Every structure is written in C-alpha cells, then in structure tokens.
Amino acid sequence: MPLQRSNTADKFIVDRRKRHRNSDVARAVRKTRDRLSQQAGNLDFDRELLKLHAQAMTSGAVVIPMLVLAIAAAGRLAGVGNEIGLWALFTLTSYTIVVFMARRIERTEASELNALQTRREFLVGHFLCGLGWAWFVWLGCGACEVDQFQAVKAVVLLFAMAGTALMASSLGGALLATFAVPVALYAYAATKSWMPVEAIMAALLVLSLPFFAYIASHLNRFSLLLLSFRSEKDALIAEVETAKSMSDEARRRAEDANLAKSRFLASMSHELRTPLNAILGFSEVMANEVLGPMSNPTYRDYAHDVHDSGQHLLDLINEILDLSRIEAGRYQLNEEPVMLLNIVEDCCHMMELKARNKDIRVLQDFEQTLPRLFADERAVRQITLNLLSNAIKFTATGGEIRVRVGWTAGGGQYISIKDNGPGIPEDEIPVVLSAFGQGSIAIKSAEQGTGLGLPIVQGLLAMHGGEFELHSKLREGTEAIAIFPLSRVMEELPALPTAAVAARRR
C-alpha cells in the first residue's frame, strides 16, 4: 500500500476531488472565447482592423500601381492615345492618396484613432480609385487593332478586383466602394452594344463582384477572430501575471507566518517547559509522599492526576515542536550506523510495562542477520515508540501485538507492528494520517492522544527517503509498516586478516 496522505479540505485550498469545477471553468472560458470572437462591434477591434488595413495597403503599395503602369504602356502600344496616360495619372494619384493615408494611420496609436472618421476617409479614397477604374471602363479605342477590347478590359477589372479583395479585406465595404461603379458602368455599356462577348463578360463581372465581396468578408472575419484570440491571450497573460503576483505575496506571507510560528513555538516551549517541569517534579514528590505521608488519600490521587496531565501536556508540546521542525525542514538528522534490530528490541522493553498493565502480549519476530542501517538513532527510536504506543493504546485488554523486523523485497529494511484491535475504517485513514487527525474510534476511546504521532512518523521516514504504509480492516486490526530504502542499508565489509592468518599466507 503506498504512502497515504490526507486530502481533506484543511490541507488544500482547492478541493481536487470535485472534478466538475474543471468542466465549469472550461465552459466559462469557451463561452468567453465565443463572445469575443463574435463581437464585431468592438471599438478596439475596429481600430485594430483599420491598422491591419493600413499595413496591407502600405505593404502592397506597388501592386496596383504596377498594374496601372502596365495597362498604360500596353494601351499606348495598342494606339489608345493620350487619354490612357491621363487615366493612369488620375488612378495613380488616387492610390497614392490612399497609401499616404495608410502610412499616417500606421504611425498613429490605435487608442488615438477615431474609428468612424478613419473608416470614412478610407472608403472615400477607395471610391476615388473606383472612379479611376470607371474611367478605364469608359475608355474607347477606335484606332486599336486589338480584337475584343471590351473583353480585355473585363479581364483587367477581374485582376484588379481580386487584388483589392485580398489587400482591402480588413476594411469592410472597401471592395464595393471601389468596383461597384466600374462594374455597373461596364454592364451599362454591354447592354447598349448587345455584343455576345461583352454581355458574357458583363455577367461574369456582375457575378464576380459579390463573390470577391464574400471572400473579403470571410477574410475580415478571420482577421477579427485572430484579433479576438490575441485580446483573449493578452487578458489571460494579465490574469496569470496577477495570479503570480498574488501567489508570490501569499508565499511571502506564509513564510513570514511560518517564521513567526517557529519563533512563537521556540519561545513558548521554553516558557511552558520551565513551569511544567516544576509541576511534574512537585506533583511526583507529593504523589510519592517523599517528604511525608498525606493525611488525605484524595490529595494523593489529585497529585497523580496533576502529574499525568502535566506529562501529557509536555508530550504534546514536544510533538508539536518536532512536527513543526520537520515541516520547516529544520530537523537535523544525526546519521550514523545503527542496528535496527537492537533499537526495536529496546523500544519493546520500554513499552513492556505499559503493555503488561493492559494484559497485552508483545510478540517479537526478528530476522537476526540484518546489517547496519545508516540512519538517525533518535528518529528511528521515535518512529518505533510512536507506532508501539498507538498499537498498545488501541488494543483491547488481553490482545496481542506482533512486532517484526526484516528485509523488504527491494533490499531495504522494515519495521512492522500489527495489532488485533478494532481497526480503522478505510475512509478515516487519510484523517488519521493528517496532523491532529483522530478517527472515530480514537475519539470514543478513553485514551488521550494528540493526533501527531503518525504525521511525525511520516515526516521522519520521508527525511530518510523511506515510506510509511498503513493497512487496516475494521474489527480485524491494524498493521503499520515503516520502510527504510536500500540506499540506507550498509554493506558488510570482510574481516581483516589476523597476524596468524597473514603469516600462514606468507
């Protein structure tokens, strides 16, 4: 059975047994994420989208102008005339205005932007660019030798619409503001000429405009989703930083409280032990009638009670101090080679009188060939005495306690103390192993206890790298096992040869 630890609410601030809390937290986080991702009217997101649009326009500032210059050069070669040069100049000027506007927005802090006014300015700039493309649609070429000139203009418009849909996706309505007028003008010109090719191209443009608008809207939603995720990430980072600072502050306060507790215990132990020693000494003198007999036997009984109560209080103070030193990591182990068998045997002799008073048999089952153990003798003795004391305390009169010392399966050594007492219910084992924890049987028992014996045993074994196991069944008894690891077992060295053996070898 592995080392059992208490998981009651006084040990942990968060009750890890309530798994539904984790699902509630996950559900709340998911709901917040959905709300943020669908919050299209968020003013901060609108400003960030405008910043993204400005970055896209400045990074792609040469794409559309290069297309315009290429169209102007091709038109001059085809014989369109000087009008295409004026168109190119107007269109380039419109895109230059939009690019300068984008650079100004890019240099401005997002918090200082007026989202509504900036959006209007961008849409006006894109509308001017759309007027340039409308002029391109209206251009004619009577002297051109290019067949299907209107179809070529439709292909150019498709390229321009695709590029604008990608670049201006962060600004809702930019595509329609740019190409609604050119497409409508091309469709009007196609209805006037009634040429089949022009009608097909006009229909293609009319259908392409909502298609590209749909693509741009999806890209806009994707950008909005990324912004919401980034906003949520920033919020989570802020919460983590806040939680970290609160945790650091709580840890600092806990360390201060622990230091104050240690100082209090150190000072109070001296202040309490001095009068307690006097109480114990004087009450023992009075109970044993050292200075003369007492005329009233009731007073003698009272002196015994005072001595027993003072001894119990002194034991409680000692155990509290030991546990506080173990928890604070200030318990110093005086490690040396010890014989586990001898220590347990001495402890059994010490507790023999107490067991005999309750008519309890203590059976010893020791392996005689155990090597030395590298451990703190005082700690090992305290572990054994605590376990023996608990076994004797909760074993009924006429019961039996079996003490075993031997090898573990892993090569270590163990101490096993098993009684045939009332046992411990399985759900109370974590309570018994916690500090000041007592089971229902211990509470009903007349024997007094502090509830610190087993936590001290666990702490001392953990300092030795060992484990503590507690097996118990109701109405069948309890077995406590203290295990020391293989690393604590010392190998026996071969005996040094005597002078006679050395001479014989020579």
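The values are calculated or read from the model by the stated rules, or taken from the named source; none is laboratory data. Quick caveat: nothing in here was measured; it's all calculated off a predicted structure. Note that each Cβ is placed from the backbone with ideal geometry, even for glycine, and that neighbours are counted across all protein chains shown. Surface areas here come from the heavy atoms of the whole protein model, side chains and all, with no ligands, DNA or RNA. Shrake-Rupley method; radii C 1.70, N 1.55, O 1.52, S 1.80 Å.
A probe of 1.4 angstrom, applied to the heavy atoms of all protein chains, finds Y302 with accessible area near 130 square angstrom. Could you list log10 I(q)/I(0) for region 212-305 at q = 0.13, 0.15, 0.19 Å⁻¹, which the Debye formula gives when each Cα is one point scatterer? Normalising to I(0) and taking log10 leaves -0.76, -0.82, -0.95. What FRET efficiency do you get for F282 and K358 if R0 is 51 Å and r is their Cβ-Cβ distance, rounded to the nearest 0.05? With R0 = 51 Å, the Cβ-Cβ based efficiency is 0.95.
Quick one: net charge of C347's neighbours, Cβ under 14 Å, K/R +1, D/E -1? Neighbour charge sum, excluding C347 itself: 0. Accessible surface of region 164-313, 1.4 Å probe: 68 percent of it comes from carbon and sulfur atoms.
In this structure region 147-233 gives 50 Å² per residue of accessible area when probed at 1.4 Å with all protein chains present.
The heavy atoms of T242 present about 70 square angstrom of accessible area, all protein chains included, probe 1.4 Å. For region 300-401, the fraction of C-alpha pairs farther apart than 19 angstrom is 58 percent. Close amide H partners of Q364, meaning residues 5 or more places away or on another chain with modelled amide H under 5 Å apart, are V403. With a Förster radius of 35 Å applied to the beta-carbon distance between F159 and A235, the computed FRET efficiency rounds to 0.25. With viscosity set to 1.002 mPa s and temperature to 20 °C, compute the Stokes-Einstein D of region 168-237, Rh being the Kirkwood radius across alpha carbon pairs; µm²/s, no decimals. Calculated translational D: 152 µm²/s.
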